[in-house]
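J.: Let me give you the structure first, and then I'll get to my questions.
Readers should treat all values here as calculations from the given coordinates under stated rules, not as data from a laboratory. The shown structure was predicted, so the numbers you read here are calculated from the model rather than taken from an experiment. So basically every Cβ, Gly included, is an ideal-geometry build from the backbone, and we count neighbours across all protein chains shown.
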Amino acid sequence: MPFEFSKEMEARFAKVLEKYPAEHKKAALIPALYLVQEQHGYLTIDGMKYIAGRLDISASEVLNTATFYTLLRKEPHGRFHLQVCTNVSCFLRGSDDLIRMIRDKCGIGPGEMSDDRRFSCEEVQCLAACGTAPVVQVNWDYHEKLTTESFSTLLEELQSREISAPEGA
Amino acid sequence: MATENPGTNCLLRDGDGNDYTDLKVYQKAGGYAKLKERLTMSRDDLREEVVKANLRGRGGAGFPAGVKWGFLPKDTDKPVYLVINADEGEPGTFKDRYFLQKDPHRLLEGCILSSYAIRSNACYIYTRGEFYDEIQTIDKAIADLYEAGLLGKNILGTGYDLDIYQHPGAGAYICGEETALLESLEGKAGQPRMKPPFPAIVGLFGCPTIVNNVETIAAVPVILDMGGDNFAALGTERNGGTKLFGISGHVKKPGLYELPMGFNMKKFIYEVAGGTLDDRPLKAVIPGGSSCPMLTPDEIDIAMDFDSLKTVGSMLGTGGAIVICEPTSMIDVILRISRFYSHESCGQCTPCREGTGWLYRLIKGFKDGTARPGDIDTLYNAAEHIDGHTICALGPAAAWPVQSVVRKFRHEFEAAIQNGGLAETA
Ligand SMILES: Cc1cc2nc3c(=O)[nH]c(=O)nc-3n(C[C@H](O)[C@H](O)[C@H](O)COP(=O)(O)O)c2cc1C
Ligand code: SF4
Ligand code: FES
């Protein structure tokens, strides 16, 4: 399906372009891909081709950049994407218990998505919040100083939260 | 938190009840008060204060900031850029986030002063993509400055023009390396460039560029307020000022503390951070981010500054210490670290791309019980072959901690072979 910016995104794209010298439009690539992702949930080939056209660069240049970065996603996530930091400081403060809890309560492990697409899970690298470890980022929200109790409460809250369509559906 | 600091609280003022994200609150505490005066100072005098302050770069390498600014070409007809490294991603490090989250104007005032000093009219802040809320905070603070006439054309009638733009990263640790960061800012994959040329000569968009860490630049207004000499005097001989030190892992009070450079590490762990978690016996300390060689308990009676930590074969790095206690297995710790570097290698240099994966798989063998006796030496040698053979410092950063663990905790690897692997620990 061909992709096109919505009116709101078009306005935001114009603002993004203002940040970079006109002869270095390509610098707007990552911010532009974030806009596609925000509108569509993830990056499709059509979305990437569209941006290539808007920035006067080749589709392969877009693909080369898009595939390098973990936050630029090429497939949909669950409505609540649980990003568990399992790097050293979080590991020392019990991040493996959080992974186990996600398995128990949501039935998924890292790299998986629940059948109802409410949850997906990913092990991530240090989130620069080691002093308040262990840390889980849910979509963009940081949850810090987690304990098995507070994380269990959080998962239950997310489980019962009303959602419309899953993000990226 | 702030009240317990044995430092001077010139950088860290969290918990004093003020919301410094609000421009008015920041100004009420003295922020931007002398901006006009400083933007009419001679640029050389301004840089001289930073040189006098002995401000060593806070991004990890500790290069003196004022000296780096001096590497810019004297007469260039190209634009000069200041780029702020807000990609904070070194495991164990969580200091730059403090400014982005709680005191954005400290950073922005530093950006204005530093841009002026280096004759730049455009400054980019490259902020890691995960910091979604922080990105909003910084964007709002920038917008407030334009509105107040503190950014843009002819700031406060001084004739000086400056624009500050924020650019988001997208989840790649390597983009913290300054030349990878520049590639990423130009819209490309974050693969480090060969140096020389250094960014001061050929940087962003092919123009002279200074890349500095968030904390480095946030210290600049503080330095000008108290004077370079006074800032320098807070620290040790070649390590000026105070700094934000983080502590995480097995301590009672993990968190961020402002301490003078050269503060004693043992005191940091046992007094400032309240001692080890549940008073468990200390096993190892990673002094300043996961790439620093580990210290054993008999090595921690040491001053935390760039020069002192070198004398025990380690580094100050970012000043984010990670404390590890019994009964944690060092194999589990180094497994996490080696997985990280193998995941984050950009893949351009064969010794790093292949070597980091190899280190990880060898270490995994000790955990899973498939390692054979010769593997301990193989592991050490593999690490040795990465160091010194790569474009950027990620390769060595992956190798050093492995070498230090093999040297200092060899018995754990031997035991793992004998016991056929590791039991689960945490
Ligand atoms: C693999 C790697 C990752 C790095 N990550 C960061 C980072 O997240 N933040 C940072 O400020 N510097 C980082 N650096 C250091 C930068 O390359 C550069 O030295 C620094 O931004 C310069 O700023 P300073 O002189 O103010 O310290 C990294 C270096 C390497 C080799
Ligand atoms: S050392 Fe590793 S991360 Fe650095 S340029 Fe080479 S492959 Fe990339
Ligand atoms: S190790 Fe988890 S936030 Fe740093």
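J.: May I ask for the net charge around B:L182, where only other residues with Cβ less than 12 Å from the Cβ of B:L182 are counted and Lys, Arg are +1 while Asp, Glu are -1?
T.: -2
J.: Positive end of the dipole of segment A:80-160, charges at C-beta (+1 Lys, Arg; -1 Asp, Glu), about the Cα centre: which of A:P134, A:G109, A:S152 has its Cα farthest in that direction?
T.: Result: A:P134, furthest along the dipole toward the positive end.
J.: Report, as an integer, the average count of C-beta atoms from other chains found within 10 Å of each Cβ along B:202-214.
T.: 1
J.: Counting only C-alpha contacts under 8 Å and six or more residues apart, can you give the relative contact order of segment B:12-233 as a whole percent?
T.: Computed over segment B:12-233, the figure is 30 percent.
J.: Could you work out the relative contact order of segment A:79-169? I mean the mean sequence separation of Cα pairs under 8 Å and 6+ apart, divided by the number of residues, in percent.
T.: The value is 35 percent.
J.: Okay, next question. For segment B:130-194, what's the relative contact order in percent, using C-alpha pairs closer than 8 Å and at least 6 residues apart?
T.: Computed value for segment B:130-194: 19 percent relative contact order.
J.: Which of the listed residues, A:Y42, A:C90, A:H143, is farthest toward the dipole's positive end in chain A, when Lys, Arg count +1 and Asp, Glu count -1 at the beta-carbon?
T.: A:Y42
J.: Hey, another quick one. Arrange the following residues from fewest to most other Cβ atoms within 10 Å of their Cβ: B:L185, B:L113.
T.: B:L113, B:L185
J.: Across the residues of A:90-98, average count of Cβ atoms on other protein chains within 10 Å?
T.: Mean number of neighbouring Cβ atoms from other chains: 5.
J.: In peptide B:184-192, how many Cβ atoms from other protein chains are near each Cβ within 10 Å, on average?
T.: The mean count of partner-chain Cβ atoms within 10 Å per residue comes to 6.
J.: Placing +1 at every Lys and Arg Cβ and -1 at every Asp and Glu Cβ, with all other atoms neutral, what dipole size does segment A:1-134 have around its Cα centre, in debye to the nearest 20?
T.: 200 debye
J.: Express the C-alpha Rg of segment B:330-419 as a ratio against the empirical globular expectation 2.2 N^0.38 Å, rounded to two decimals.
T.: That ratio works out to 1.00.
J.: Radius of gyration and Dmax for segment A:1-60's Cα atoms, expressed in Å?
T.: Both quantities, over Cα of segment A:1-60: 10.7, 32 Å.
J.: Oh, and also: In chain A, what % of DSSP beta bridges are antiparallel (nearest 5)?
T.: 55 percent
J.: Once the other residues with Cβ under 9 Å from the Cβ of A:D56 are scored (Lys, Arg +1; Asp, Glu -1), what is the net sum?
T.: Local net charge: +3.
J.: Compute, for the protein assembly as shown, the length of the dipole vector about the Cα centre, with Cβ point charges of +1 (Lys, Arg) and -1 (Asp, Glu) only. Units Debye, rounded to 20.
T.: Approximately 780 debye in magnitude.
J.: Next question, about the same structure. Could you list B:L316, B:L182, B:L150, A:L55 so that the one with the fewest beta carbons within 10 Å of its beta carbon is first and the one with the most is last?
T.: Lowest count first: A:L55, B:L150, B:L182, B:L316.
J.: Check which residues have an amide H placed less than 5 Å from B:H167's amide H, if you skip close sequence neighbours.
T.: Close amide H contacts, sequence-distant or interchain: B:I125, B:Y126, B:T127.
J.: Counting other beta carbons within 10 Å of each residue's own, what order do B:C10, B:C392 fall into, fewest first?
T.: Final ranking by Cβ density, sparse to dense: B:C10, B:C392.
J.: If you place +1 on the Cβ of every Lys and Arg and -1 on the Cβ of every Asp and Glu, how big does the dipole about the Cα centre of segment A:7-68 come out, in debye to the nearest 20?
T.: Computed charge dipole of segment A:7-68: roughly 80 debye.
J.: Let me ask you something else. Using the alpha-carbon centroid of each, what span in Å lies between segment B:249-279 and segment A:61-90?
T.: Their Cα centres are 33 Å away from one another.
J.: Ranked highest first by the average count of other Cβ atoms within 10 Å around their residues, in what order do B:97-107, B:254-264, A:114-124 fall?
T.: B:97-107, B:254-264, A:114-124
J.: A follow-up question, please. Among the DSSP beta bridges whose two residues both lie in chain B, what percent are antiparallel, rounded to the nearest 5?
T.: Roughly 45 percent of the beta bridges in chain B run antiparallel, per DSSP.
J.: If you take every DSSP beta bridge fully contained in the protein assembly as shown, what fraction is antiparallel? Give it as a percent rounded to 5.
T.: Approximately 45 percent, going by the DSSP bridge assignments.
J.: So what's the net charge close to B:S338: Lys and Arg +1, Asp and Glu -1, counting the other residues with Cβ under 10 Å from its Cβ?
T.: Net local charge, B:S338 excluded: +4.
J.: Further question on the same structure: At 222 nm, what helix-only mean residue ellipticity would chain B give, in deg cm²/dmol to the nearest 500, using -39500 (n - 2.57) for each DSSP H run of four or more?
T.: The helix contribution divided over chain B gives -11500 deg cm²/dmol.
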